[in-house]
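The values are calculated or read from the model by the stated rules, or taken from the named source; none is laboratory data. Note that the coordinates shown come from a computational prediction; the quantities given were computed from them, not determined experimentally. All Cβ positions, even for glycine, are placed from backbone atoms using ideal geometry, and neighbour counts span all protein chains on display. Heavy atoms of the whole protein, side chains included, go into the accessibility calculation; ligands, DNA and RNA do not. Shrake-Rupley method; radii C 1.70, N 1.55, O 1.52, S 1.80 Å.
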There are 2 protein chains.
Amino acid sequence: MVTKNQIKLVVNLKQKKYRTQHALFVVEGEKLVKELLQAGVEPLKIFVDGTWKGSGLGETELVSGAILKQMSSLKQPNGVLGVFYMPKPLKTEVSDWVVALDAVRDPGNLGTIIRLCDWFGIRELVCSMDTVDCYNPKVLQATMGSIARVNIVYAPLPEFLKNAKQPIFGAFMDGEPVYGRELPAKGILVMGNEANGISDEVGAWVTERISIPQFGGETAESLNVATATAILLNEIRR
Amino acid sequence: MVTKNQIKLVVNLKQKKYRTQHALFVVEGEKLVKELLQAGVEPLKIFVDGTWKGSGLGETELVSGAILKQMSSLKQPNGVLGVFYMPKPLKTEVSDWVVALDAVRDPGNLGTIIRLCDWFGIRELVCSMDTVDCYNPKVLQATMGSIARVNIVYAPLPEFLKNAKQPIFGAFMDGEPVYGRELPAKGILVMGNEANGISDEVGAWVTERISIPQFGGETAESLNVATATAILLNEIRR
């Protein structure tokens, strides 16, 4: 039987402060819950309602549709809601690239960037304190299971960069074209905010200002931060 | 004075069949309307309400907040709504790359891909008949002004590919790695549906199956179609 306190906990986890306090987060939908289980993320509890006819979620707790709706962040809950422990940091190679994000605000962009880090084998992602929370439901929707395979740390970026020993690359509209450049085996790639790019106080620590050349006769306004990250990680790995 | 018929026209333009019938579409927000004007797209009418204090939109028609809300697709209309004629096809070089989309359904993905084509100077985008409509408001939100700088055609893809003289590249999870390949000066790049990739009937016309190598130990599920397009267009142009 689900208790009132359990329901209250799940409802509270919609807010970042409770997620941080309990080191728990919520994902919804059979597909995403399965991916996290397969990725080895430990569940506290998986709730399902009577509409769910699937299998392969391990131990589940059946609740009424009304209770699942109360717990859910979705207008139309989809039958499965998992509460998971935040993954513990992975052991990573320090001799690789790190991605650092300066005030990325859009959950879909952060989710896509986490998935890109996973694809390109980047295991360390450092987010400025004002980057959107990676356990925000919309971020999780876009990351898929990748959240379990990338270490995500929130830290003041100028501090982090000040102590870094690797070369620090930053993406700027007016940076040097990245094509034909020798890129080192390790480094930090800084990507900026959707509207304003990299802030001055973070940019001050960038040692190499790079850009993606434009071919449309300089008419296109800019690339979305997630697509620009895709291109630059591809340049680093190719 | 705005007439009842004008209001009805704008409301109807929320539906694709009326957009096609009238060859008109709607964009909302000062920024996007300005971008289309700057890109040379011809407006039929630009409506504003009393909350708009800006300038630089040329001739505008002031309507009440209630009427703007009726015309708007947004929960919170933002003061400016432009009705534009669909742009006429640009003159393009036939000797360049063409992007073809097979059943891309997510408006954000199509919008991002149009913006990428613009950035990389690709002037021809061919969409399968079941690709999301490029004048859908959510697509326009993601394309920014790029809609005016890329020719977008809806056509049955197998037919289009059958008649093509260029080599046809298609992105497949199990394709040949794209790195280190010589890519020709012209060709067609086919990208598939978000969940199912390229369909069999379209895939049958693909002459070169390519993929983006994965570095995360083969754990990441897949790349989003817009980020994969970003990487492949970068490979074509670099």
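Structure summary
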| quantity | calculated |
| --- | --- |
| Gyration tensor verdict on chain A (Cα atoms; rounded if a/c is under 1.5, prolate if a/b is larger than b/c, oblate otherwise) | prolate |
| For segment B:59-100 versus segment A:77-136, the gap between their alpha-carbon centres in whole angstrom | 35 |
| Residues with amide H under 5 Å from that of B:GLU176, placed H, sequence gap 5 or more | B:ARG209, B:ILE210, B:SER211 |
| Cα gyration tensor shape of the protein assembly as shown, rounded if a/c is under 1.5, else prolate or oblate by comparing a/b with b/c | rounded |
| For segment A:42-182, convex hull volume per residue from C-alpha positions, Å³ | 155 |
| Residues in segment B:106-129 that a label on B:GLU159 would reach, taking backbone N under 11 Å of a point 7 Å out along Cα→Cβ | B:129 |
| For segment B:4-85: span of alpha carbons on each principal axis (Å, largest first) | 33, 30, 20 |
| Heavy-atom accessible surface that B and A bury in contact, both chains counted, 1.4 Å, Å² to 100 | 3000 |
| Where labels lie 7 Å past Cα in the beta-carbon direction, separation of B:LEU44 and B:GLU61 in nm | 1.0 |
| Where B:SER146, A:SER95 fall by accessible area, highest first, once all protein chains stay in place (1.4 Å) | A:SER95, B:SER146 |
| Residue-count net charge about A:LEU157 - beta-carbon cut-off 10 Å; Lys, Arg +1, Asp, Glu -1 | -3 |
| Heavy atoms of B:TRP52 accessible to a 1.4 Å probe, total area in Å² rounded to 10 | 50 |
| In nm, spacing of pseudo-spin labels at A:ASP200 and B:ARG105 (7 Å Cα→C-beta vector) | 4.8 |
| Antiparallel bridges, percent of DSSP beta bridges restricted to the protein assembly as shown (to nearest 5) | 35 |
| Inverse mean reciprocal Cα-Cα distance (Kirkwood Rh) of segment A:181-229, Å | 12.7 |
| Inter-label distance, nm, simple model (7 Å from Cα along the C-beta direction), A:THR207/B:GLN76 | 4.4 |
| Peptide-level mean, for A:51-62, of C-beta atoms on other protein chains within 10 Å | 0 |
| 30 Å Cα-Cα threshold exceeded, pairs from A:LYS45/B:LYS138; A:LYS8/A:LYS53; A:LYS138/B:LYS17; B:LYS14/B:LYS34 | A:LYS45/B:LYS138; A:LYS138/B:LYS17 |
| Which of B:GLU61, A:GLU182 is most accessible, then next, and so on - probe 1.4 Å | A:GLU182, B:GLU61 |
| With all protein chains modelled, accessible area of B:ASP130 [1.4 Å, Å²] | 70 |
| Shortest-first nm distances, B:SER222 label point to equivalent points in other copies (7 Å, Cα→Cβ) | 3.0 |
